[in-house]
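Some notes on the structure that comes next.
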Amino acid sequence: IIINMKNLFLILTLTLTQISGYSIGDTLSQAIIGQLKSEQRRMFELFSNGDAETFKKIAGDDYLSINADGTYLNKTQALELIPKFKGSTYKVSDQTDRVYGNVVLSTGRAKFYFCSILVAEIYFNQTWVYRDNRWQFIFWQGTMTGTPKSYPVYVTLISIILIGALIILILRFIRKKK
């Protein structure tokens, strides 16, 4: 096969365009990239509010989640789970966004609380895609950072309460026997 320089350049250009997944003309404006921060906050807030309707709007139909507890969920399954998070709070830190054309990979750390009690601390990955003129949340993956340091305190407290309740029940039983 004889390939001249013009054809070689054309093949190389097409290959590089396919590998990168986008051309230079497909880059997003800073204003659109700036909208992502708002959507990311909105995503965390909707979980705190148990707002499945908002999740339905910002998640892409191809949404997938691999959670810190080992569950694997599609969009429909995630919608059923969201109301269970109502009343929770969160704190996000160390978040970094990497932009690849119209896709953003976001990594960070989050702490989740119920009634001010730390229930989970995770590292997370999220993937967002800008399509149909809006940001769509398409992937979540969370990994536990370990057992929260407050757990031993809560386990001890619950144990003391249960042992105290058991002692009271035994004493009442003994008094009734007399």
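The values are calculated or read from the model by the stated rules, or taken from the named source; none is laboratory data. Note that the structure is predicted; figures quoted are calculated from it, not measured. Cβ coordinates were reconstructed from backbone atoms using ideal geometry, including for glycine residues, and neighbour counts include every protein chain displayed. SASA here: full protein model, heavy atoms, side chains in, ligands and nucleic acids out. Shrake-Rupley method; radii C 1.70, N 1.55, O 1.52, S 1.80 Å.
Across the stretch 78-178, how many lysine pairs separated by 8 or more positions, or lying on different chains, have Cα atoms within less than 19 Å?
Lysine pairs meeting both conditions in the stretch 78-178 amount to 5.
Could you compute how much accessible surface residue 69 exposes when probed at 1.4 Å, giving the result in Å² to the nearest 10?
Only protein atoms counted, so the area is about 120 Å².
Between residue 139 and residues 5 or more places away or on another chain, which pairs have amide H atoms under 5 Å apart, with H built 1.01 Å from N, and which residues are they?
Distant-sequence amide H within range of residue 139: 64, 127.
From Cα pairs below 8 angstrom and at least 6 apart in sequence, can you work out the relative contact order of the stretch 40-178, rounded to a whole percent?
Answer for the stretch 40-178 is 20 percent.
Length gain on complete extension for the stretch residue 132 to residue 54, per 0.36 nm per residue less the alpha carbon to alpha carbon distance?
26.4 nm
Going 7 Å from the Cα of residue 32 in the Cα-to-Cβ direction, what parts of the stretch 98-112 have a backbone nitrogen less than 13 Å from that spot?
Under 13 Å, as judged by backbone N against the label point of residue 32, lie 100-104 of the stretch 98-112.
Once the piece of chain linking residue 61 and residue 160 is laid out straight, how much longer is it, given 0.36 nm per residue of separation minus the C-alpha distance between them?
So the extension gain works out to 30.9 nm.
Which value, in Å² and to the nearest 10, is the accessible area of residue 82 when all protein chains are kept and the probe is 1.4 Å?
Accessible surface of residue 82 is approximately 0 Å².
How much accessible area does residue 93 have with a 1.4 Å probe, in Å² rounded to the nearest 10?
40
With label points built 7 Å along Cα→Cβ from the Cα atoms of residue 73 and residue 105, find their separation and express it in nm.
That separation, rounded to one decimal, is 2.4 nm.
Could you do me a favour and compute the accessible area per residue for the stretch 81-129, 1.4 Å probe, result in Å²?
Ligands and nucleic acids excluded, the figure is 53 Å² per residue.
Sorted by accessible area with a 1.4 angstrom probe, largest first, how do 71, 54, 156 fall?
Ranked from most to least accessible, the order is 156, 71, 54.
Mind ranking 56, 178 by accessible surface for me, highest first, 1.4 Å probe?
178, 56
Could you sort 41, 131 by their accessible area in this structure, using a 1.4 Å probe and putting the largest first?
Solvent-accessible surface, decreasing: 41, 131.
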